[in-house]
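Novice: Dropping a structure here in C-alpha cells format, bear with me for questions.
The values are calculated or read from the model by the stated rules, or taken from the named source; none is laboratory data. Worth saying up front: this structure is predicted, and the values here are computed from it rather than measured. Cβ coordinates were reconstructed from backbone atoms using ideal geometry, including for glycine residues, and neighbour counts include every protein chain displayed. What goes into the accessible areas is simple: the full protein's heavy atoms, side chains included, and nothing from ligands, DNA or RNA. Shrake-Rupley method; radii C 1.70, N 1.55, O 1.52, S 1.80 Å.
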Amino acid sequence: MMYDYLIVGAGLFGSVFAHEAKKHGKSCLVVEKRNHIAGNIYCKNVDGIHVHQYGAHIFHTSDRKIWDYINQFSEFNNYINSPVAIYKDELYNLPFNMNTFSKMWNIQTPAQAKAKIAEQIADLGITEPKNLEEQALSLVGTDVYEKLIKGYTEKQWGRSCRELPSFIIRRLPLRFTYDNNYFNSRYQGIPVEGYTAIVEKMLSGADIRLNTDYFAHKEELSALAHKTVFTGMLDEYFGFCYGSLEYRSVRFEEERLECDNYQGNAVVNYTDREVPYTRIIEHKHFTFGTQPFTIISREYSSEWKPGIEPYYPINDAKNSALAAKYQELAAKEERVIFGGRLGNYKYYDMDQVIAAALDCADAELS
C-alpha cells in the first residue's frame with residue numbers, strides 16, 4: 001500500500017482531513033471526479049472576479065476556533081451578507097426585520113410590526129398546522145408568507161407548500177430591529193484569494209488525481225491505501241441497495257454583462273413563483289470589485305436525477321429513515337470513514353463541515 005489514506009472527493013471535508021493527516025506525517029491520495037479541486041466551494045477567477053461556480057458561499061461562524069483555523073489559509077474581508085428579495089415590483093430586505101416590515105406595512109416601531117403579525121395570525125385560526133403553508137402562516141402571518149416565502153419555497157422544493165410537511169419550517173426568525181445582517185454569526189466574510197486557493201493550501205503535500213471516477217476504479221484505488229475517507233453519496237457507496245436517497249439540485253446560468261453594476265447587491269432573491277429562478281448572484285460584490293464589467297449567475301432549483309450534481313439532502317422523515325439504514329452499513333465498514341454533506345446525508349454549513357472534519361481527524365489520528 002502506497003498511502004495511509006485514500007480521500008474520495010477534493011471538497012472541504014476531504015481537504016481538511018488531508019491537511020490534518022499531513023500534520024501527523026500521514027500520506028494521502030485524493031481522487032476527484034471533477035476537473036478541479038474544492039468541490040462546491042470552487043471559485044474560478046474571471047479577469048479578477050472570483051466566480052462562485054456552484055452558488056454563493058459566505059463563510060460565517062460563531063466558533064472562534066473554526067474562524068482561526070480557516071484564517072490560517074487566507075485573509076478574509078469584512079463582507080456582510082445582506083440579501084434583498086424582489087416580489088413582483090416590490091423590493092424587501094432580508095432577513096425578516098424592521099426594514100422589511102416598514103416597507104411592507106408603512107409602519108415604524110417594533111410594537112406596530114408585532115401587532116400586525118399577531119393580528120394576521122389570529123385571523124387565520126390555525127391551531128395544528130398540517131403542512132408547510134399552515135406552519136409558515138401560523139408563524140409570520142399572511143403578507144410575509146405570500147410575498148417572501150410561498151413562491152421561493154415552492155421553487156426550491158418543486159412542489160406546493162401545501163404538499164410539503166410542516167416540520168420543514170420549525171421556526172422563522174423575525175427580527176424587530178433595523179438589521180439586514182442575514183447571519184447571527186460572530187465572524188463572517190469572504191476569502192480575498194477565493195476558496196480554491198484555500199483548498200490548494202490544505203491539499204499541499206497530497207497526491208491529487210482529477211477526472212477520476214472512484215467507482216470505476218474502486219478496487220484498484222482502495223488497494224492503494226490503508227483507509228478510505230469517502231465524501232461522495234452515501235447510498236451510491238452501497239450500490240443503492242436500499243434504494244436512492246433524494247436530493248435537490250441546482251442549475252446555474254452564468255452571464256457576463258458589460259456594465260459595472262447589475263443589481264447593486266451580491267444576492268437578490270426572486271420570491272415570485274412566476275420567475276423561474278430563485279435568485280441572482282452578482283459575484284463582484286462579494287469582494288467589493290470595481291471592474292468595468294460584471295458576472296451574474298441565475299440559480300434554478302431542480303429535482304435531482306442520476307448524472308447531475310446533488311446539492312441538498314432532503315432530510316424529511318422518509319429519507320432520514322432510509323439514510324439511517326445506510327448509516328448502519330457505514331458503521332460496519334472498518335476501513336472506510338464517511339464524511340461531508342453527501343457522505344453523512346446531512347445539510348452542513350462550511351464551518352460545520354470543518355468542525356466535523358477536525359473531529360473526525362482528531363479521533364482517527366490522535
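Novice: GNM on the chain, C-alpha springs below 10 Å: top fluctuator among Glu253, Glu328, Glu134?
Specialist: Glu328
Novice: Additional query: Could you give the distance between the Cα centres of region 1-62 and region 177-196, to the whole Å?
Specialist: 21
Novice: Debye calculation, C-alpha points only, no solvent: report log10 I(q)/I(0) for the chain at q = 0.10, 0.12 Å⁻¹, in the same order as the q values.
Specialist: -0.71, -1.00
Novice: Could you work out the helix-only [θ] at 222 nm for the chain, with each DSSP H run of four or more residues adding -39,500 (n - 2.57) and the total divided by the number of residues, to the nearest 500 deg cm²/dmol?
Specialist: One gets -9000 deg cm²/dmol as the mean residue ellipticity at 222 nm.
Novice: Accessible area per residue, 1.4 Å probe, Å², for the chain: what's the number?
Specialist: Per-residue value: 47 Å².
Novice: Any idea what diffusion coefficient region 104-205 gets from Stokes-Einstein, in µm²/s, Kirkwood Rh on alpha carbon pairs, 25 °C, 0.890 mPa s?
Specialist: 148
Novice: Please compute the length gained on full extension between Asn78 and Thr177, using 0.36 nm multiplied by the number of residues separating them and subtracting their Cα-Cα distance.
Specialist: 33.5 nm
Novice: Carbon and sulfur together cover what percent of the accessible area of region 47-195 at a 1.4 Å probe radius?
Specialist: 45
Novice: Continuing with this model, one more query. Length gain on complete extension for the stretch Ser244 to Asn71, per 0.36 nm per residue less the alpha carbon to alpha carbon distance?
Specialist: Details: separation 173, 0.36 × 173 = 62.28 nm, distance 3.75 nm.
Gain on stretching Ser244 to Asn71: 58.5 nm.
Novice: In region 212-366, carbon and sulfur make up what percent of the accessible area (probe 1.4 Å)?
Specialist: Summing carbon and sulfur atoms, their accessible area is 49 percent of the total for region 212-366.
Novice: So what does log10 I(q)/I(0) come out to for region 256-366 at q = 0.23, 0.24 Å⁻¹, using the Debye formula with one equal point on every Cα and no solvent?
Specialist: Debye curve over Cα of region 256-366, log10 I(q)/I(0) at q = 0.23, 0.24 Å⁻¹: -1.26, -1.30.
Novice: Once the Cβ-Cβ distance between Gln112 and His226 is put in as r, and R0 is 45 Å, what FRET efficiency do you end up with, to the nearest 0.05?
Specialist: 0.10
Novice: Right, next: Taking 7 Å along the Cα-to-C-beta vector as the label spot, tell me the Lys130-Leu91 distance in nanometres, rounded to one decimal.
Specialist: Inter-label distance under the simple model: 4.0 nm.
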